[in-house]
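Q: The structure's right below; bear with me while I get my questions together.
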Ligand code: AMP
Ligand code: GLY
């Protein structure tokens with residue numbers, strides 16, 4: 001069969017790599033892809049978000065007789081790409097526009113959780129700045145302020161002083177730094193605990209959780225500095241014990257999928273739970289409606305079962321007949337970024353050492369911001385590479401990943417030195 005992956009980051013490179021391992025797949029396409037993806041898939045340059053990109057993608061799919069489309073990022077799903085393709089009889093993996101509101105509108109997600117008794121932080125939503133300020137003054141700090149709409153992971157402020165909280169509100173609601181995404185804000189209770197990501201395959205009725213993982217959102221070591229798209233990840237997460245796993249399934253995954261059905265939505269795709277494991281148990285920080293980035297880079301190397309077989313089972317509603325197998329070991333992914341990211345940075349730096357690292361056993365180099373220029377691979381984004389290693393233990397995986405990263409060089413490259421250390425501390 002022929003498969004198309006939509007997106008251009010490390011997550012999409014990992015997806016393409018895993019799809020290439022499937023003996024069901026003959027041809028693989030990516031839109032727009034990157035330099036790493038182009039080694040294993042045919043990259044087609046259609047700009048995600050351009051005025052007619054749904055139609056351009058559909059034309060490509062029809063012309064090339066592509067059998068299955070897999071969507072990486074959230075924006076096309078929130079904009080309704082699944083409905084558009086399904087209406088034309090094309091097979092696409094990812095939830096429809098109504099179900100995608102779980103990520104597209106934090107206000108929707110919070111009201112949904114409240115209605116179905118799914119554990120999450122207490123909250124209120126506001127469209128009026130004055131009312132929101134009054135509420136913050138009443139509740140006090142710490143408090144968490146979120147733009148309701150999509151804000152590329154930057155719309156959340158955890159505030160420890162009243163000034164900071166009012167300032168965040170003003171930026172979102174008055175200065176409108178996130179545009180329409182900030183017309184409504186969610187203000188919620190601050191939760192303490194350990195953060196984990198649990199992703200699950202969902203076929204509308206049945207769900208199968210993937211192995212646990214944790215990402216590192218802040219730019220600097222010891223979780224300091226501003227938030228980024230993710231500086232690294234590891235899997236598994238030691239705090240997710242069997243008991244916590246059971247509670248996540250019973251208290252969160254089951255009522256979410258059932259609640260969606262009660263609302264008339266068959267959710268087909270990957271459901272991502274951003275969770276805080278608190279003293280009272282797991283609570284939802286956010287839903288995402290897709291694979292996580294960089295979580296996918298640590299999850300897929302542990303997956304033993306054919307990913308395309310799983311996706312087809314989701315699409316045909318037969319996940320209950322499938323057993324998904326995972327490696328017992330550990331994986332760690334270190335994101336190598338351009339100096340200056342998440343602020344200003346320069347592109348076009350030649351990347352050296354890729355071949356040497358590529359030949360290391362159980363090391364994967366997933367490209368994110370790279371392009372090929374005059375036969376060389378150069379940087380073209382803030383997050384450049386996701387270097388992942390897998391090993392029997394977390395300790396070995398951490399050592400190996402940093403040995404690999406040490407072999408890579410480009411001008412002003414930056415990476416965190418403490419990815420996975422949290423798991424070592426908790427685990428042993
Ligand atoms: P979100 O995009 O909603 O996952 O929020 C981004 C980050 O903000 C999360 O990864 C957490 O580190 C933090 N965060 C979000 N909500 C809360 C909360 N209620 N309490 C504490 N931290 C939070
Ligand atoms: N790792 C966070 C995300 O994918 O949204």
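The values are calculated or read from the model by the stated rules, or taken from the named source; none is laboratory data. Keep in mind that what you see is a predicted model, and the values were worked out from it rather than measured. Every residue, glycine among them, receives a Cβ derived from its backbone with ideal geometry; neighbour counts consider all protein chains shown.
Q: Does the range 28-53 hold any residues that are part of a loop (DSSP other than H, G, I, E, B) and under 22 Å from residue 307 (Cα atoms), and which are they?
A: Correct list: 33, 34, 36, 40, 41.
Q: Here is a follow-up. Going by what's in this entry, would residue 146 be described as within 16 Å of ligand 1 (Cβ to nearest atom), in contact with a strand residue (DSSP E or B) (Cβ under 7 Å, 6 or more places away or on another chain) and modelled with pLDDT under 95?
A: Taking the combined requirement at face value, the residue satisfies it.
Q: For residues that are buried (at least 22 other Cβ atoms within 10 Å of the Cβ), away from ligand 1 (no atom under 15 Å from the Cβ) and closer than 30 Å to residue 89 by Cβ, tally how many sit in the range 285-306.
A: Going through the range 285-306 one residue at a time, the tally reaches 3.
Q: Also, I was wondering about something else. Just for the range 285-320: of the residues that are in a loop (DSSP other than H, G, I, E, B) and under 17 Å from the mean Cα position of the chain (by Cα), which one is nearest to residue 419 (Cα to Cα)? Spell out how you get there, then give the answer.
A: Step one: of the range 285-320, the residues in a loop (DSSP other than H, G, I, E, B) are 289-294, 304-306, 316-318.
If we keep only those that are under 17 Å from the mean Cα position of the chain (by Cα) too, we end up with 289-294.
On the way: 289: 25, 290: 23, 291: 20, 292: 17, 293: 15, 294: 12 Å.
Step by step, filter the range 285-320, then rank; the result is 294.
Q: Considering (1) surrounded by fewer than 18 Cβ atoms within 10 Å (Cβ to Cβ); (2) in contact (Cβ under 8 Å) with a residue 60 or more places away in the chain, say which one residue 45 fails and leave the rest.
A: Evaluating residue 45 over (1) surrounded by fewer than 18 Cβ atoms within 10 Å (Cβ to Cβ); (2) in contact (Cβ under 8 Å) with a residue 60 or more places away in the chain leaves (2) as the failure.
Q: Restricting to strands (runs of 3 or more DSSP E) lying wholly in the range 167-253: which have 2 or more residues that are away from ligand 1 (no atom under 16 Å from the Cβ) and touching a helix residue (DSSP H, G or I) at 6+ places or on another chain (Cβ under 8 Å)? Steps first, answer last, please.
A: Details: elements: 185-189, 194-203, 207-209, 218-220, 224-227, 232-235.
Correct list: 194-203, 207-209.
Q: So is residue 386 touching a strand residue (DSSP E or B) at 6+ places or on another chain (Cβ under 6 Å) and either farther than 30 Å from residue 1 by Cβ or crowded, with 16+ Cβ neighbours inside 10 Å (or both) or not? Please lay out each step first, then the result.
A: Values: touching a strand residue (DSSP E or B) at 6+ places or on another chain (Cβ under 6 Å): yes; either farther than 30 Å from residue 1 by Cβ or crowded, with 16+ Cβ neighbours inside 10 Å (or both): yes.
Taking the combined requirement at face value, the residue satisfies it.
Q: Can you pull out every residue in the range 218-232 that is closer than 15 Å to residue 340 by Cβ and either more than 12 Å from ligand 2 (Cβ to nearest atom) or more than 18 Å from the chain's Cα centre (by Cα) (or both)?
A: Matches in the range 218-232: 219, 220, 225, 226.
Q: So, one more: Are any of the residues in the range 332-339 within 16 Å of ligand 1 (Cβ to nearest atom) and crowded, with 21+ Cβ neighbours inside 10 Å?
A: Yes: one or more hits.
Q: Residues 192, 243: which one is without any contact (Cβ under 8 Å) to a residue 12 or more places away in the chain and more than 16 Å from ligand 2 (Cβ to nearest atom)?
A: 243
Q: Continuing with the same structure: Which one of 204, 229 is surrounded by fewer than 21 Cβ atoms within 10 Å (Cβ to Cβ), in contact (Cβ under 8 Å) with a residue 40 or more places away in the chain and in contact with a strand residue (DSSP E or B) (Cβ under 9 Å, 6 or more places away or on another chain)?
A: 204
Q: How many of the residues making up the range 134-166 are in a loop (DSSP other than H, G, I, E, B) and out of contact with any helix residue (DSSP H, G or I) (no Cβ under 8 Å at 6 or more places or on another chain)? Reasoning before the result, please.
A: At the first step, the residues of the range 134-166 found to be in a loop (DSSP other than H, G, I, E, B) are 140-142, 148-155, 160-161.
Imposing the further condition that a residue be out of contact with any helix residue (DSSP H, G or I) (no Cβ under 8 Å at 6 or more places or on another chain) reduces the set to 142, 152-154, 160-161.
Qualifying residue count, the range 134-166: 6.
Q: Separate question: In the range 54-107, how many residues are within 16 Å of ligand 2 (Cβ to nearest atom), at pLDDT 95 or above and part of a loop (DSSP other than H, G, I, E, B)?
A: Matching residues across the range 54-107 total 5.
Q: May I ask you to list the residues in the range 250-284 that are within 17 Å of residue 114 (Cα to Cα), surrounded by 16 or more Cβ atoms within 10 Å (Cβ to Cβ) and away from ligand 2 (no atom under 16 Å from the Cβ)?
A: Passing the criteria: 251, 252, 253, 255, 256, 257, 259, 260, 281, 282, 283.
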